[in-house]
Each structure stands twice: as structure tokens, then as C-alpha cells.
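Q: Got a structure for you, questions after.
Throughout, read-outs are computed from the coordinates displayed, never taken from laboratory work. In this text the structure is predicted, and so the values were computed from the model without any measurement. Neighbour counts are summed over all protein chains in view; Cβ atoms, including those assigned to glycine, are modelled from backbone coordinates with ideal geometry.
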Amino acid sequence: MANANIKRVRSSDIELKDKLVAVNRVTKVTKGGRTFSFSAIVVVGNEKGIVGHGLGKAKEVTDAISKGVDDAKKTLIKVPVINGTVPHEQLGKFGGALVFLKPAAHGTGVIAGGAMRSVLESVGITDVLAKSKGSSNPHNVVKATIDALSQMRDPATVAQQRGISMEKVFNG
């Protein structure tokens with residue numbers, strides 16, 4: 001889903017940490033025998049609201065990971081994180097993967113599985129309830145989670161878009 005709210009970020013002046021989500025070994029059969037190559041899904045983030053994902057492919061695992069990190073730095077987005085959780089409930093979808101994110105009270109922790117957990121921890125979210133439905137393919141789950149996070153809006157943005165005060169956003 002293309003979203004007008006997506007805030008692209010440049011990676012030049014940010015300290016990013018990378019997390020490996022999945023490595024996949026691919027075999028190509030030729031007349032000379034089997035040729036192995038690897039694809040790696042990587043998530044990078046500064047744990048302060050910036051996250052990106054990337055895919056790297058190479059003959060060696062380390063090369064695939066470094067290519068994935070370089071690719072992830074090109075897709076960075078800014079996500080509003082309020083008190084260590086997401087501002088509101090949100091659905092994200094990509095391919096066959098459907099992801100649901102819900103704010104949680106302080107001390108709950110990151111209640112999410114596998115690929116989703118990597119993305120949420122890279123953003124800097126410490127408390128969230130999350131559910132992954134449909135496909136469990138790490139590629140699609142990561143992209144669906146990024147989709148859900150890119151749709152998040154903080155109260156100040158909502159007030160500005162509606163042309164009302166912050167009090168009216170909360171009190172209706």
C-alpha cells in the first residue's frame with residue numbers, strides 16, 4: 001500500500017543496528033554440479049523510531065548479509081513511538097501476510113513472533129501486542145509489519161491533518 005504519511009530518512013548521520021531475520025540457501029543445478037547461493041533478509045534500525053528492511057543475495061552468507069544491510073539503509077522510514085509503544089491499533093498487509101499491531105501497557109514487552117519481533121525491536125518499541133495472520137513467509141511478514149508501522153500517526157499529526165487542537169483529538 002502506498003501511503004502519503006511515509007517519512008523517508010537518510011542513513012548518513014544515524015547510528016543503525018542490523019538484525020538478521022532469515023537466511024535461505026538456494027541451490028542451482030548445472031551440468032557441473034550443484035551451485036549454492038544465499039539470500040538474507042535484514043532489518044536495520046536505530047531503536048528510536050527509524051527502521052528499514054533489505055534483501056541481499058550472494059554466494060557467501062556474510063556477503064548476502066552485508067548486501068542486505070546496504071539495501072535496508074535505502075528503505076528507512078520514521079515511525080512514531082509513544083512511551084515505548086505504538087500510538088494506535090493498525091493492520092498491515094503484504095502478499096499473503098496480515099499483521100495486527102495493538103498498543104500495550106508499560107511492562108508488557110514485545111508480544112510478537114519471529115520476523116515481526118525483529119522489526120519491532122529495531123524500531124525501539126518495547127511494549128506491543130502483535131498478531132501475524134496468513135502467510136508466515138519472513139519476507140512478507142517483515143514487509144507487512146513495515147506497512148503497518150508506516151501507517152502509524154501520532155496525535156500531533158492527526159490534529160494537524162484535521163485542522164483541530166490536540167485536546168479535540170482526545171476528547172472528540
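Q: Expressed as a whole percent, how much of the Cα-Cα distance distribution for the chain exceeds 22 Å?
A: Numbers: 6904 of 14706 pairs.
So the portion of pairs separated by more than 22 Å is 47 percent.
Q: Could you tell me the extents of region 81-165's C-alpha atoms along the three principal axes, largest first, rounded to whole Å?
A: 42, 29, 17
Q: Beyond a 28 Å Cα-Cα separation, which of these cross-linked pairs lie in this structure: LYS19/LYS78; LYS28/LYS133; LYS17/LYS57; LYS48/LYS102; LYS78/LYS102; LYS102/LYS143? Could you put the intermediate results ahead of the total?
A: Working: LYS19/LYS78 18 Å; LYS28/LYS133 32 Å; LYS17/LYS57 20 Å; LYS48/LYS102 19 Å; LYS78/LYS102 18 Å; LYS102/LYS143 17 Å.
Beyond 28 Å between Cα atoms: LYS28/LYS133.
Q: The chain: longest stretch without exposed GluC sites (Glu not before Pro) (DSSP loop, at most 14 other Cβ within 10 Å), sites themselves excluded? All intermediate terms of the calculation are to be shown ahead of the outcome.
A: Numbers: sites that count: GLU15, GLU60, GLU89.
The answer is 90-172.
Q: Shifting gears a bit: Report the FRET efficiency, 1/(1 + (r/R0)^6), for LYS57 and ARG8, where r is their Cβ-Cβ distance and R0 is 25 Å, rounded to 0.05. If you can, show how the numbers build up before the last one.
A: Numbers: r = 24 Å, r/R0 = 0.96.
Using R0 = 25 Å, I get an efficiency of 0.55.
Q: Would you mind calculating the gained length between LYS74 and PHE36 on full extension (0.36 nm times residue separation, minus the Cα-Cα distance), in nm to one decimal? It would help to have the intermediate numbers written out before the result.
A: Working: separation 38, 0.36 × 38 = 13.68 nm, distance 2.70 nm.
Between LYS74 and PHE36, full extension yields 11.0 nm more.
Q: Now for a different question. What translational diffusion coefficient, to the nearest whole µm²/s, does region 49-90 have by Stokes-Einstein, given a Kirkwood radius computed over alpha-carbon pairs, a temperature of 37 °C and 0.692 mPa s viscosity?
A: After rounding, the answer is 278 µm²/s.
Q: A further question follows. About the Cα centre of the chain, how large is the charge dipole given +1 on each Lys and Arg Cβ and -1 on each Asp and Glu Cβ? Please answer in debye to the nearest 20.
A: Result for the chain is approximately 680 debye, rounded to the nearest 20.
Q: Measure off 7 Å from each Cα along the Cα-to-Cβ vector at VAL158 and ASN83, then give the distance between these two points in nanometres to one decimal.
A: 1.4
Q: Using 0.36 nm times the number of residues separating VAL29 and LYS168, minus their current alpha carbon distance, what extension gain do you get?
A: Difference between extended and current length: 43.7 nm.
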